[in-house]
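The values are calculated or read from the model by the stated rules, or taken from the named source; none is laboratory data. Small disclaimer: the values here were computed from a predicted structure and weren't measured. All Cβ positions, even for glycine, are placed from backbone atoms using ideal geometry, and neighbour counts span all protein chains on display. What goes into the accessible areas is simple: the full protein's heavy atoms, side chains included, and nothing from ligands, DNA or RNA. Shrake-Rupley method; radii C 1.70, N 1.55, O 1.52, S 1.80 Å.
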Amino acid sequence: MAKDFREYLVEAYRTEEFGRVFKELAVGFKLFVSFQASEVHSCTPEETLDDVSQYTHWEVSLRSTTPPIDTPGIGPWMYLREKEWAEPFDRPEFQLAMLGEFIPTEHCQQILEDCIAFAMEKGHIESEAEIGTVEPDELVKKTMGCGGCAGKKKPAGKPAE
């Protein structure tokens with residue numbers, strides 16, 4: 001079982017307009033999970049608490065590097081969408097992430113565990129110890145791992161004389 005997801009939470013900032021925002025968890029180089037709870041997020045209670053163990057429901061988003069998370073056949077959502085916790089998730093128009101509102105705390109823990117299992121199965125991480133954090137909504141691109149066939153192609157150059 002993975003470490004409690006709340007132990008990974010690092011506050012990025014607080015504002016009156018956006019409430020408290022935690023950094024996203026980078027589960028390997030492809031999958032990013034965001035757990036949020038404050039007066040402006042879809043959580044219970046809908047307020048900013050200093051003790052995160054007091055929340056019973058969270059706002060959760062999942063996104064990935066290229067391709068988008070819900071790309072048919074190859075996006076990480078294809079692996080995750082059949083999980084018990086996945087039903088309330090949707091991809092809002094003009095967003096790059098799958099969003100779930102009022103997700104129970106026990107489902108949040110399972111989301112993290114399923115994301116870790118996905119990343120390990122795909123060879124993106126070897127263990128939970130490799131989970132990192134990124135700034136909220138930071139534009140990320142794949143920085144390691146498989147470059148695909150296109151990544152191995154060499155640009156055409158002039159033939160040697």
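Observations on the structure shown:
- Contact map, segment 68-88: residues that are in contact (Cβ under 8 Å) with a residue 40 or more places away in the chain and closer than 13 Å to CYS115 by Cα paired with residues that are part of a loop (DSSP other than H, G, I, E, B) and of a type in the set (A, V, I, L, M), Cβ distance under 7 Å, separation 6+ or inter-chain. Pairs shown: PRO76/ILE69.
- Considered as a group, the residues in segment 1-26 that are part of a strand (DSSP E or B) and open to solvent by 20 Å² or more (accessible area, probe 1.4 Å) include one that is farthest from GLU126 (Cα to Cα), and that residue is THR15.
- Which listed residue, of PHE94, PHE29, is part of a loop (DSSP other than H, G, I, E, B) and open to solvent by 70 Å² or more (accessible area, probe 1.4 Å): PHE94
- Those residues of segment 32-44 which are assigned to a loop (DSSP other than H, G, I, E, B) and open to solvent by less than 40 Å² (accessible area, probe 1.4 Å), in sequence order: ALA37, SER38, HIS41, SER42, CYS43
- Failed item, numbered, when GLY75 is tested on (1) modelled with pLDDT under 95; (2) out of contact with any strand residue (DSSP E or B) (no Cβ under 7 Å at 6 or more places or on another chain): (2)
- Looking across segment 49-68, the residues that are open to solvent by 60 Å² or more (accessible area, probe 1.4 Å) and among the polar types (S, T, N, Q) come down to SER53, GLN54, THR56, THR66.
- Output for segment 56-109, where each listed residue is within 15 Å of PHE35 (Cβ to Cβ) and among the β-branched types (Val, Ile, Thr): THR56, VAL60, ILE103, THR105
- If you filter segment 100-117 down to residues that are surrounded by 19 or more Cβ atoms within 10 Å (Cβ to Cβ) and among the hydrophobic types (A, V, I, L, M, F, W, C), you find that the one that is farthest from SER64 (Cα to Cα) is ILE103.
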